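The values are calculated or read from the model by the stated rules, or taken from the named source; none is laboratory data. The shown structure was predicted, so the numbers you read here are calculated from the model rather than taken from an experiment. When we count neighbours, we look across all protein chains shown, and the Cβ atoms used for this are built from the backbone with ideal geometry, even at glycine.
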């Protein structure tokens, strides 16, 4: 054992002395506004120049905020209490509104703070304040409907169906549920009348339609997947700011923001282009496969659903999301935003495919919401937990990794309890940052801070006696952390295959309603990625990245010897272990690359169930052959391993627990990057970490959101010449007490409850 001891101190004087000659330490002491929290500022009252000046200046001076995201709101009921809260005046997008918006920009410019351009009034984004529905109803959201009739063999079936101008017939099909035979009845449907001589058996005759202007919840929003619709909307909203504020773009206004762009409350969201895209992409008749969205149609059911849902995911990513990003980039701004249910285990019915969704977003954003009306009440006196959605945060952060995007945002604490305290604010922020977040938008400030006008609690502003005294310290510490965590390379040894195909294959229209679960919380029982995320992060302290199956075939993730390599310019990652988190379906092309990785000495862990079907049409036999090549002719139903002569190892774990995952990782020989002793979670939180490399240094960000202080030796893989402790809560930096042993560095550290610490090393 070789021991090296350096004076351990956290005294302010020592910290200040350590900053001498180190620009990064100087920046750490007083982080720039671009790294500090920039909360939503809900405009919920009569706007005046004087109040705008006062509130924005107090947000900087009393709360330490680096700017605001300006969010106009309408009159709506209070989230918890039910009474009506006033909306903003003057009218959204009126001349008087822009007069006050100019005030906001001028005050922010004077104060050296920033403004995030929110793209609508209220949320979700996509209505232009209701103008789109009034002027272009054909550009509003559309939904898929099934009109079904029974038909009996040996009879002549006749049915009139005359769609209105808002409705497009997508396909006319018939299904025999007993034989799973599907027939295309398109030729039998003429001039609004379907006539068909029914073959033997009992049949379901179905007309599939796509309609707009259906009314109800969110029927006023744009068709996010229709390019011309999105372009028209952007002209109504972003275009109005473009006319007036070009001189502020890229300076005072550096980011744009869209909110809740997805399928929630209209899970059958569709667009007419899907039918023809299906025909062109797959060379198959879509009428023969539309029934699969509602029923089992036999062996091709899963592949059909995957095909339809993948097209929908692509159109979502290429529609609203891409156009907003391109508009922003052309004006020296970066886009940020999120879909609904961005952290839920099933993205299919919520927004498509989370890893594809963020492909064109400059700053992928997660939305950390405590609770929803349908699942629990969040008012005073009700016990709540901050952990909702936590296991899904890595989905958003992984999307950023895959796109080599240096900034990952988080909208924090929307609809948290009114009585939320500063400890909860810190907990939520630290847990998000431990999973990859490095920019935060708290939810939020309100223009009128009277409790009866704050529509959605909590009030995160100086006026809140529970939070106000802590905000300046919170903003500064968060800014310090975000400054160090933005950019660079994140170290993760484990890749987890994103099981989107397995989820798509078993998702059909209205399945969530049948399950009784909240939207997007249903997923197949043998797909364990959601629980796995918590096990790896919270219990085993093993960082990971979700990779998309397509990344294994499009060159984004390549096989390099016994490693998988994420081919980024900056955030390059290499994985020694790939985890397949269960499910009956997998891309045959991706599985072939996995087989190559295993053949080259790679380590693969399969959980819960092995795939037997292909995500692609007609390739089931290929999947089965590849699985058999690794495990033999019989797929295991109990824990099993396989090896090859190049050191490759395949471990199958039928029941996924913390212990079985720990054992499986041990079998692969994958050494832990960070070991935190006695880091058990409690009812309050966890002890977690993230590891970044930048500027010739390693930054280990360790968070403690439990109710107890941590003290112990944190073990780091590798030997380092210098080790320092950087305290984001004080700005102090100091040398650490550490020792080396068997190729690892053990660092003495103390972290109070609900606090964090950077361990900073050099070779």
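Based on this model, can you work out whether residue 616 counts as touching a residue at least 24 places away in the same chain (Cβ under 8 Å) and in a loop (DSSP other than H, G, I, E, B)?
Numbers: touching a residue at least 24 places away in the same chain (Cβ under 8 Å): yes; in a loop (DSSP other than H, G, I, E, B): yes.
The answer is yes for residue 616.
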- Note on the structure: Among 552, 467, the single one that is at negative phi and crowded, with 23+ Cβ neighbours inside 10 Å is 552
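Based on this model, can you work out whether residue 624 counts as within 30 Å of the chain's Cα centre (by Cα) and free of Cβ contacts under 8 Å to residues at least 24 places away in the same chain?
Considered against the rule, which asks whether it is within 30 Å of the chain's Cα centre (by Cα) and free of Cβ contacts under 8 Å to residues at least 24 places away in the same chain, residue 624 comes out as no.
Can we say residue 425 is under 30 Å from residue 350 (Cα atoms) and surrounded by 23 or more Cβ atoms within 10 Å (Cβ to Cβ)? Break it down into steps so the answer makes sense when it comes.
Values: under 30 Å from residue 350 (Cα atoms): yes; surrounded by 23 or more Cβ atoms within 10 Å (Cβ to Cβ): yes.
So residue 425 fits the description; yes.
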- Read through the list (1) modelled with pLDDT of 95 or more; (2) more than 34 Å from the chain's Cα centre (by Cα); (3) farther than 18 Å from residue 110 by Cα, then give the number of the only condition that residue 50 fails. (3)
- Item | Answer residue from segment 619-639, given it is touching a strand residue (DSSP E or B) at 6+ places or on another chain (Cβ under 6 Å) and assigned to a helix (DSSP H, G or I) and is modelled with the lowest pLDDT among those | 631
- Message: For the structure I just gave you, tell me whether residue 487 is at pLDDT 95 or above and under 30 Å from residue 576 (Cβ atoms).
- Response: yes
- Restricting segment 640-655 to residues that are surrounded by 14 or more Cβ atoms within 10 Å (Cβ to Cβ) and within 18 Å of residue 526 (Cβ to Cβ), which is modelled with the lowest pLDDT? 640
- Looking at segment 484-512, which of its residues are closer than 16 Å to residue 268 by Cα and in a loop (DSSP other than H, G, I, E, B)? 506, 507, 508, 509, 510
- Going through segment 705-735 one residue at a time, which ones are in contact (Cβ under 8 Å) with a residue 60 or more places away in the chain, buried (at least 23 other Cβ atoms within 10 Å of the Cβ) and within 24 Å of residue 489 (Cα to Cα)? 723, 725, 726, 728, 733
- Query: Which one of the conditions (1) assigned to a loop (DSSP other than H, G, I, E, B); (2) out of contact with any strand residue (DSSP E or B) (no Cβ under 8 Å at 6 or more places or on another chain) does residue 476 fail to meet, given that it meets all the rest?
  - Reply: (1)
- Message: I need a count of the residues in segment 156-166 that are part of a loop (DSSP other than H, G, I, E, B) and surrounded by fewer than 11 Cβ atoms within 10 Å (Cβ to Cβ).
- Response: 3
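Yes/no matrix, rows are residues, columns are (1) in a loop (DSSP other than H, G, I, E, B); (2) under 23 Å from residue 92 (Cβ atoms); (3) not assigned by TED's automatic domain parsing to the domain that holds residue 148:
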| site | (1), (2), (3) |
| --- | --- |
| 229 | no, yes, yes |
| 232 | no, yes, yes |
| 239 | no, yes, yes |
| 242 | no, yes, yes |
| 254 | no, yes, yes |
| 267 | yes, no, yes |
| 280 | no, no, yes |
| 287 | no, no, yes |
| 291 | no, no, yes |
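Would you say residue 539 is surrounded by fewer than 19 Cβ atoms within 10 Å (Cβ to Cβ), touching a residue at least 40 places away in the same chain (Cβ under 8 Å), more than 18 Å from residue 583 (Cβ to Cβ) and in contact with a helix residue (DSSP H, G or I) (Cβ under 7 Å, 6 or more places away or on another chain)? So that I can check it myself, show each step before the final result.
Numbers: surrounded by fewer than 19 Cβ atoms within 10 Å (Cβ to Cβ): yes; touching a residue at least 40 places away in the same chain (Cβ under 8 Å): yes; more than 18 Å from residue 583 (Cβ to Cβ): yes; in contact with a helix residue (DSSP H, G or I) (Cβ under 7 Å, 6 or more places away or on another chain): yes.
The answer is yes for residue 539.
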- For residue 162, all conditions in the list (1) closer than 30 Å to residue 218 by Cα; (2) in contact (Cβ under 8 Å) with a residue 40 or more places away in the chain; (3) more than 39 Å from the chain's Cα centre (by Cα) hold save one; what is the number of the exception? (2)
- Among the residues of segment 269-278, the number that are touching a helix residue (DSSP H, G or I) at 6+ places or on another chain (Cβ under 7 Å) and either at pLDDT below 95 or in a loop (DSSP other than H, G, I, E, B) (or both) is 1
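Return the residues of segment 170-215 that are farther than 11 Å from residue 291 by Cα and free of Cβ contacts under 8 Å to residues at least 40 places away in the same chain; say none if nothing qualifies. Please lay out each step first, then the result.
Of all residues in segment 170-215, those farther than 11 Å from residue 291 by Cα come to 170, 178-179, 185-203, 209-215.
Across segment 170-215, the qualifying residues are 178, 179, 187, 188, 189, 190, 191, 192, 193, 194, 195, 215.
Within 17 Å of the chain's Cα centre (by Cα) and in contact (Cβ under 8 Å) with a residue 40 or more places away in the chain: does that describe residue 454?
no
The rows are residues; the columns are (1) in the same structural domain as residue 235 (by TED's automatic domain parsing); (2) closer than 22 Å to residue 410 by Cβ; (3) modelled with pLDDT under 95.
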{"position": "73", "(1), (2), (3)": "yes, yes, no"}
{"position": "77", "(1), (2), (3)": "yes, no, yes"}
{"position": "84", "(1), (2), (3)": "yes, no, yes"}
{"position": "89", "(1), (2), (3)": "yes, no, no"}
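Conditions (1) in contact (Cβ under 8 Å) with a residue 60 or more places away in the chain; (2) not in a loop (DSSP other than H, G, I, E, B), marked per residue:
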position	(1), (2)
308	no, yes
319	yes, yes
332	yes, no
340	yes, no
368	yes, yes
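I want to confirm something. Restricting to segment 167-218 and keeping residues that are part of a loop (DSSP other than H, G, I, E, B) and under 34 Å from the mean Cα position of the chain (by Cα), which single residue is surrounded by the fewest Cβ atoms within 10 Å (Cβ to Cβ)?
Filtering segment 167-218 for residues part of a loop (DSSP other than H, G, I, E, B) gives 177-180, 185, 191-192, 198-201, 213-218.
Still in the running and under 34 Å from the mean Cα position of the chain (by Cα): 213-218.
Numbers: 213: 17, 214: 16, 215: 7, 216: 9, 217: 10, 218: 19.
Going through the qualifying residues, I end up with 215.
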- Message: Looking at segment 677-699 only, could you name the residues that are over 27 Å from the mean Cα position of the chain (by Cα) and more than 30 Å from residue 23 (Cα to Cα)?
- Response: 677, 678
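With 604, 658 as the choices, which residue is without any contact (Cβ under 8 Å) to a residue 60 or more places away in the chain, outside the structural domain of residue 696 (by TED's automatic domain parsing), closer than 30 Å to residue 485 by Cα and surrounded by 14 or more Cβ atoms within 10 Å (Cβ to Cβ)? Full working, then the answer.
Values: 658 fails: without any contact (Cβ under 8 Å) to a residue 60 or more places away in the chain.
None of the other options fit; the residue is 604.
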- Look through 702, 747 and report the one residue that is assigned to a strand (DSSP E or B), buried (at least 21 other Cβ atoms within 10 Å of the Cβ) and within 29 Å of the chain's Cα centre (by Cα). 702
